[in-house]
Amino acid sequence: MLIKSLHRYLKLFLTFFRFSFYNETAFRANIVFYSISNLIWMLVALTSVELIFGQVNSIAGWAKNEVYLVVFINLLFSDICWTLTFRNMGNFSQWVRRGELDSALLKPVNTRFFLSFMILEFDHYARMAVEFYLIYHYTMLITGTFTLFNLLIFLWLLGCGWLIFYSIFFAITTTNIWFINLANLLDFFGAIQRLGRNPTYIYQKAWFLLFTFVIPAAYTATFPAEALLGRIQLSKIIIAPILAIIFLWGSQKFFRFALKYYSSASS
Amino acid sequence: MKKYFTLFKTYLQKYIYYRANAFIWAIFDISHFVILIIVWGAIYRTNTTVAGINYSQMVSYYLILSIIRELVYAAGGRNMIAEEIYHGQLNIYLIKPISYLKRVFIEEISWRLIQTALFFIPFTVLFLLVNKHVGITTTAVLSPLSIIALVFAFIISAFIDYLCALAGFWITQTSTLFHLKEIAFGLLGGLAFPTKLLPGVIQNINFGLPFYYIFSFPIEVINQQLTINQIAWRLIVQIIWIGLLMKFYQFIWRKGTKEYNAWGN
């Protein structure tokens, strides 16, 4: 039953992928423009690091190359978010405002799945390729090794991090049901996931706990970077899926609660 | 003039209606600066000064920047002009007996006023938390020169934003231009970090560009880091940039409205 359901949703995801690809390639110049723009943003992030390290030698005990690694992983995390779900969450406000959410609710698929993955983006792949190379390059530069075991833990933590932040973003997006016009939420999401662009150890005491457990920004870059560098503690690997499940469950509960307050505008 | 005042009142009412949204945005905006202050706090744990700036000066920089951003960061180009051109809604305004530019300015100012008023709530909380690190005086903030610098900064910021939007007459997606604008504001305008951190050559070039005059210059006036002579010269540069950008806007607007097409409205 579960396998059949998974197979069905995988097929649906591939269909979304295909249609999104057709849509995006209808405006090929846009993909080129956005890809270049994304690469420029990466340069901006690197310039910021370069300017800061022009004045200091380390940030919270992390040297320049280590901070670069954190930045590349955080950018990769951002690209994964944009490629998979951000556009859909940006459109959610419009769905509610125009009363179009009804059509999603009536479809014979999981509403959340439909609302989260309907449109996929294609202009982040160029930057992701560069980021993968740079992550490998900087890991080699710092440690001299790049092991499959560390890579698997890295992917595990990044995956859990994505699930946690997807849940947080989805829960915030859901508030559109009450506020209706939160059209620029994507800028806010960008700001939240940028919390992880610096080693989380810059935050002290209560702030560190906040960005490890409440808004776990550490899982967007710092902990995955530690995994690649072979410095990760076992407790962080174990806590990751527990946090992911808690956030996913919480956001689903919140979504169901919010839907009770949804009133269509047109039907 | 009366019709523009009526417009102003109408837009003010519209944005007061969306006050909950504006307040949420105020929280979002302040959180960005809280993070920056924390990041710099970590850097200053092992350094007493960075590029000649101590922790106290850095905190006051971001504190002032947070409020200036609310006042002068224009977004009407992206949220209004670009959207209206893209969706063909510009027609409605072209046939009305009002200036399109003035109408956008008025709507922008209405939003900025509501947003800034609500921003003061989280700002006050942040100010009280970091108060021991800063030395901003209300006399400096409310000095006529800082108010003039801020007004000019808003006009420059608005024209740059509106010019990006006018590209929509020729290209369907203008977001790349807005990204480039944000990059310029971040790196050269001082929105990401003080422009003093830039290499000397770039700092000198930056004095000739408009971006420095949007955030960095008003902050320097408020922080009383410039002499009267320096302020006077930089105000003149602001006026020159306003003149140039306004002329360029008018030129592009004339060309663009000749190119403009819309269907079904």
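The values are calculated or read from the model by the stated rules, or taken from the named source; none is laboratory data. In this text the structure is predicted, and so the values were computed from the model without any measurement. Glycine gets a Cβ as well: all are built from the backbone with ideal geometry, and neighbour counts include every protein chain shown.
List the number of the failed condition for B:Glu83; all other conditions in (1) surrounded by fewer than 18 Cβ atoms within 10 Å (Cβ to Cβ); (2) in contact (Cβ under 8 Å) with a residue 60 or more places away in the chain; (3) more than 9 Å from every other protein chain (Cβ to nearest Cβ) hold.
Exception for B:Glu83: condition (2).
Being within 14 Å of chain B (Cβ to nearest Cβ), in a helix (DSSP H, G or I) and surrounded by fewer than 21 Cβ atoms within 10 Å (Cβ to Cβ) narrows it down to one of A:Ile239, A:Ile172, A:Ile245, so name that one.
On the way: A:Ile239 fails: within 14 Å of chain B (Cβ to nearest Cβ); A:Ile245 fails: within 14 Å of chain B (Cβ to nearest Cβ).
Criteria check complete, one pass: A:Ile172.
Confirm whether A:Val71 is surrounded by 16 or more Cβ atoms within 10 Å (Cβ to Cβ), more than 12 Å from chain B (Cβ to nearest Cβ) and modelled with pLDDT of 85 or more. Write out each step before concluding.
Details: surrounded by 16 or more Cβ atoms within 10 Å (Cβ to Cβ): yes; more than 12 Å from chain B (Cβ to nearest Cβ): yes; modelled with pLDDT of 85 or more: yes.
Criteria met by A:Val71.
If we keep just the residues of the range A:38-68 that are within 7 Å of chain B (Cβ to nearest Cβ), among the aliphatic types (A, V, I, L, M) and under 23 Å from the mean Cα position of the chain (by Cα), which is nearest to B:Pro199 (Cα to Cα)?
Result: A:Val44.
Can you name the condition, by its number, that B:Tyr55 falls short on among (1) surrounded by fewer than 19 Cβ atoms within 10 Å (Cβ to Cβ); (2) at pLDDT 90 or above; (3) within 14 Å of another protein chain (Cβ to nearest Cβ)?
It fails just one condition, (2).
What is the number of the single condition among (1) within 30 Å of A:Ala258 (Cα to Cα); (2) aliphatic (A, V, I, L, M); (3) not in a loop (DSSP other than H, G, I, E, B) that A:Leu51 does not meet?
That leaves (1) as the condition not met.
Do the conditions hold for A:Leu105, that is, is it within 24 Å of B:Leu180 (Cβ to Cβ) and part of a helix (DSSP H, G or I)?
Working: within 24 Å of B:Leu180 (Cβ to Cβ): no; part of a helix (DSSP H, G or I): yes.
Criteria not met by A:Leu105.
Would it be correct to say that A:Glu121 is under 20 Å from A:Ile31 (Cβ atoms), outside any loop (DSSP other than H, G, I, E, B) and touching a residue at least 60 places away in the same chain (Cβ under 8 Å)?
In short, no.
Given the criteria surrounded by 22 or more Cβ atoms within 10 Å (Cβ to Cβ), in contact with a helix residue (DSSP H, G or I) (Cβ under 6 Å, 6 or more places away or on another chain), within 14 Å of another protein chain (Cβ to nearest Cβ) and aromatic (Phe, Trp, Tyr), does B:Phe211 qualify?
yes
If you check every pair at least six apart or on different chains, which have Cβ atoms under 8 Å apart with a residue in the range B:236-262 that is assigned to a loop (DSSP other than H, G, I, E, B) first and a residue that is of a type in the set (Phe, Trp, Tyr) second?
Hits for this filter: B:Tyr260/B:Phe169.
From the residues in the range A:126-139 that are of a type in the set (Ser, Thr, Tyr) and without any contact (Cβ under 8 Å) to a residue 60 or more places away in the chain, which one is surrounded by the fewest Cβ atoms within 10 Å (Cβ to Cβ)?
This residue is A:Tyr133.
Exactly one condition in (1) touching a helix residue (DSSP H, G or I) at 6+ places or on another chain (Cβ under 8 Å); (2) within 14 Å of chain B (Cβ to nearest Cβ); (3) farther than 24 Å from B:Leu180 by Cβ; (4) polar (S, T, N, Q) is false for A:Gln94; which is it?
(1)
Out of (1) within 14 Å of chain A (Cβ to nearest Cβ); (2) in contact (Cβ under 8 Å) with a residue 12 or more places away in the chain, the odd one out for B:Leu90 is which?
The failed condition is (1).
All but one of (1) under 28 Å from A:Glu50 (Cα atoms); (2) part of a helix (DSSP H, G or I); (3) touching a helix residue (DSSP H, G or I) at 6+ places or on another chain (Cβ under 9 Å) hold for B:Val201; which doesn't?
Of the numbered conditions (1) under 28 Å from A:Glu50 (Cα atoms); (2) part of a helix (DSSP H, G or I); (3) touching a helix residue (DSSP H, G or I) at 6+ places or on another chain (Cβ under 9 Å), the odd one out for B:Val201 is (3).
Sort out which residues of the range A:140-154 are free of Cβ contacts under 8 Å to residues at least 40 places away in the same chain and assigned to a helix (DSSP H, G or I), and write them in order of number.
A:Met140, A:Leu148, A:Phe149, A:Leu152
Against the condition over 12 Å from the mean Cα position of the chain (by Cα), loosely packed, with under 15 Cβ neighbours inside 10 Å and at pLDDT below 90, how does A:Trp207 come out, does it pass? Step through it out loud before you land on a result.
Numbers: over 12 Å from the mean Cα position of the chain (by Cα): yes; loosely packed, with under 15 Cβ neighbours inside 10 Å: no; at pLDDT below 90: yes.
For A:Trp207, the condition - over 12 Å from the mean Cα position of the chain (by Cα), loosely packed, with under 15 Cβ neighbours inside 10 Å and at pLDDT below 90 - is not met.
Please determine whether any residue of the range A:253-265 is closer than 30 Å to B:Ala20 by Cβ, within 14 Å of chain B (Cβ to nearest Cβ) and not in a helix (DSSP H, G or I).
From the range A:253-265, those closer than 30 Å to B:Ala20 by Cβ are A:253-265; that's our starting set.
Retained after the next criterion (residues that are within 14 Å of chain B (Cβ to nearest Cβ)): none.
No, that holds for no residue.
When you check B:Ile222 against the structure, is it modelled with pLDDT of 95 or more and surrounded by 17 or more Cβ atoms within 10 Å (Cβ to Cβ), yes or no?
On the way: modelled with pLDDT of 95 or more: no; surrounded by 17 or more Cβ atoms within 10 Å (Cβ to Cβ): yes.
Considered against the rule, which asks whether it is modelled with pLDDT of 95 or more and surrounded by 17 or more Cβ atoms within 10 Å (Cβ to Cβ), B:Ile222 comes out as no.
Being surrounded by fewer than 19 Cβ atoms within 10 Å (Cβ to Cβ), more than 14 Å from every other protein chain (Cβ to nearest Cβ), part of a helix (DSSP H, G or I) and free of Cβ contacts under 8 Å to residues at least 40 places away in the same chain: is that true of B:Lys9 here? Let's see the steps before the verdict.
Values: surrounded by fewer than 19 Cβ atoms within 10 Å (Cβ to Cβ): yes; more than 14 Å from every other protein chain (Cβ to nearest Cβ): yes; part of a helix (DSSP H, G or I): yes; free of Cβ contacts under 8 Å to residues at least 40 places away in the same chain: yes.
Yes.
Scan the range B:33-52 residue by residue and report those that are within 7 Å of chain A (Cβ to nearest Cβ) and touching a residue at least 24 places away in the same chain (Cβ under 8 Å).
Within the range B:33-52, B:Val50, B:Ala51 meet the criteria.
Based on this model, can you work out whether B:Leu128 counts as of a type in the set (A, V, I, L, M), more than 21 Å from the chain's Cα centre (by Cα) and outside any loop (DSSP other than H, G, I, E, B)? Lay out the reasoning, then the answer.
Numbers: of a type in the set (A, V, I, L, M): yes; more than 21 Å from the chain's Cα centre (by Cα): yes; outside any loop (DSSP other than H, G, I, E, B): yes.
Yes; evaluated as a whole, the condition is true for this residue.
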